[in-house]
1. Using 0.36 nm per residue of separation minus the Cα-Cα distance, give me the extension gain between residue 2 and residue 507 in nm, one decimal.
2. Cα-based Rg of the stretch 315-358 per 2.2 N^0.38 Å, rounded to two decimals?
3. How far apart, in nm, are two points set 7 Å out from the Cα along the Cα-to-Cβ line at residue 366 and at residue 217?
4. Once all Cα-Cα distances of the stretch 71-201 are split into 10 Å bins that start at 0, what whole-number percent is in each one?
5. Rounded to two decimals, what is Rg over Rh for the chain when you use alpha-carbon atoms and the Kirkwood radius?
6. Report the charge-dipole magnitude of the chain in Debye, nearest 20, computed about the Cα centre from +1 at each Lys and Arg Cβ and -1 at each Asp and Glu Cβ.
7. Normalised by the residues of the chain, what does the relative contact order come to in percent, with Cα pairs under 8 Å and at least six apart?
8. For the stretch 522-647, just list the percent of Cα-Cα distances falling in each 10 Å bin from zero outward, please.
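The values are calculated or read from the model by the stated rules, or taken from the named source; none is laboratory data. Since the model is a prediction, treat every value here as computed from it, not as a measurement. FYI the Cβ positions are ideal-geometry reconstructions off the backbone, even for glycines, and counts take in every protein chain you see. The protein model used for the area step is the full one, side chains on, heavy atoms only, and it has no ligands, DNA or RNA in it. Shrake-Rupley method; radii C 1.70, N 1.55, O 1.52, S 1.80 Å.
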Amino acid sequence: MSQVFEPNREFSKNARIKNMCEYKELRLQAEEDFEGYWDKLAKEKIDWFEPYDTVLDESNAPFYSWFNGGKLNVTHQCLGRHLKTRKNKAAIIWEGEDGKKRIITYLQLYYRVNRLANLMKNQFNIKKGDRVVLYLPMIPEAAFAMLACAKIGAVHSIVFGGFSAEALRDRVIDADAKLVITADGAFRRGQPYMLKPVVDEALKEGCECCKKVLIVQRNFEDIDYVPGRDYVYNEMIMNESQHCDPEPMDSEDPLFLLYTSGSTGKPKGVQHSSAGYILWAQYTMEHVFDVKENDTFWCTADVGWITGHTYIVYGPLAMGATTIMYEGVPTFPDVGRWWKMIEEHRVNQFYTAPTAIRLLHKLGADEPKKYDLSSLQVLGTVGEPINPDAWMWYYNEIGGGNCSIVDTWWQTETGGHMITPLPGATPIKPGSATFPLPGIMAEIIDEEGNPTPKGEKGFLCITKPWPSMIRNIWGDSERFVKSYFGDCKKDGKPVYFSGDGAMYDDDGYIVITGRTDDVINVSGHRLGTAEIEAVLAHHSNVAEVAVAGKPDDIKGEGIFAYIVLKGEDSIGEEIEMIQELNKLIIKEIGNIAKLDDILFVPGLPKTRSGKIMRRILRSIAKGEAITQDTSTLEDPSIVTTIEDLFKR
Ligand code: WTA
């Protein structure tokens, strides 16, 4: 059993949920009166234009609907209602990579959003229900555009700025979008880069739906303009009125689409609702990060991913918090950049991905010591399992041993946090997302649908609907049902399959073992690549590791590990390393998980948001040609480097 860390007592005293008794009490309330629990929250949290008639309609499961009959507008929740008490409070603090800062108050944000909403309505004829694709860098205009869509009832679909023209085109076509909002470009690693030419390329063919492009000038590089199609935001925005009435939206009207990869086929347009989504964004912001009125919250994600949607924009603004948005990379001009920003802005809650933690640990383990990080109270991680080594470094070096780490498990499809510690209540353990939030009915089940005993891996499922759940896959209801709802039923209703594996440890803590589609089958034994990686990451010379299945004539699949060593010094010691790593594996998992092959590589293929592209590694390990789009990688050349090393 790994070490348990109790919450900081001083922090707990003022936390929204102060101890495990309070947590359990809420869980019990939700179990005993499920609808009553959500009804209370929805009434308490949302400023409704018109009240709803029913809390939950399950008649068309798994197409659940929440708060039917209610009317609201998410921008009233995020902006309008705050003007009475917070009009001059900083809503967004933006920092450019070059150090430039912009502070946007709630009133200023309200006006900006209204102007852009009017511009979309008046100049581009965007109406309720129309789709607008946003292809933007990390600039405040990305938040303006999201909220402006929400104001008039248009459905935004953000395409991450690292996606290629092809990927952008597919998404514009699939969403049948009328307008693309983009920028000339932005800055990365101190250099300007371009976005607009990608849009030009994307719209060259097949995008008849999209007749207009609105361009925000950010880096003022020379770009081509297509007359009659392209418009400059900076020139037009001030001509619009700063007043705009919010469109009254039904609870279930879609707020946004966000494309995400499935295990097969084209990306899925995950569709989220208005009321249920914003309720959970706000609730989780308040309870999981425990943000107080005067706090400064920083989520380092990109707005192109769900984490950026919920925890840079909608969650913080719904609760009236101050949210930081940073344009660039964590290593510019040096590896102390983020720690310097935490010091300067006196950041209270910091939310990032394990990959970033590992990277900054590797490149500058002692760097945080140079900065005053004492303002921090809650540290968060998301997106992948965090290995205990990285967790401990985060806990000790960033949090100074005083901050709770909220290891938040959730997905694009869940809209907000699902399984996570509560910082004032939950005793935490490295590598565990701990327990489901009250109202979230998580279960770990085996192939037959039976609950798994402690220590045994199973499928992580959510057995009851929750307000911020995916409503559909855009244009493909059949795929929605197929992807997420198997044959397994609970109380006659289909169960949501997360695609992740998980298990309870001896203390009943939930440990996420990784995607079940990343499972490899060795001699009939199922092994999670994440589990093997966690063990290898324990080795003091291992900086990063990724494991993939490799075809094996005898065992079905063998285990292939890509390893990035810490520092140059270890390079000569590779043979000893292989033995040591296998010793570790045998000790932690057993002989069945012994590595078949190891490749020492200089880096791993990662998206610009830091996620390892495992599919590429799987393909290389299998000796297949790379068919995936590598243009979204931080450094596409790493793929060829690894392929060359593999072939040697
Ligand atoms: C993984 C990101 C372990 C998981 C919000 C999930 C995690 C996928 C964690 C969703 C965590 C997310 N521990 N794994 N705390 N959080 N994941 O849609 O495999 O980009 O299914 O949403 O990330 O990724 P997505």
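1. The span from residue 2 to residue 507 would gain 180.8 nm if fully extended.
2. Working: Rg = 11.7 Å, N = 44, 2.2 N^0.38 = 9.3 Å.
With N residues counted in the stretch 315-358, Rg over 2.2 N^0.38 Å equals 1.26.
3. 4.7 nm
4. Bins of 10 Å from zero give 12, 38, 35, 14, 1 percent of pairs.
5. 0.94
6. Dipole about the Cα centre, nearest 20: 1500 debye.
7. Numbers: 1374 pairs, mean separation 79.7, N = 648.
It rounds to 12 percent for the chain.
8. Pairs per bin, as whole percents: 13, 45, 34, 8.
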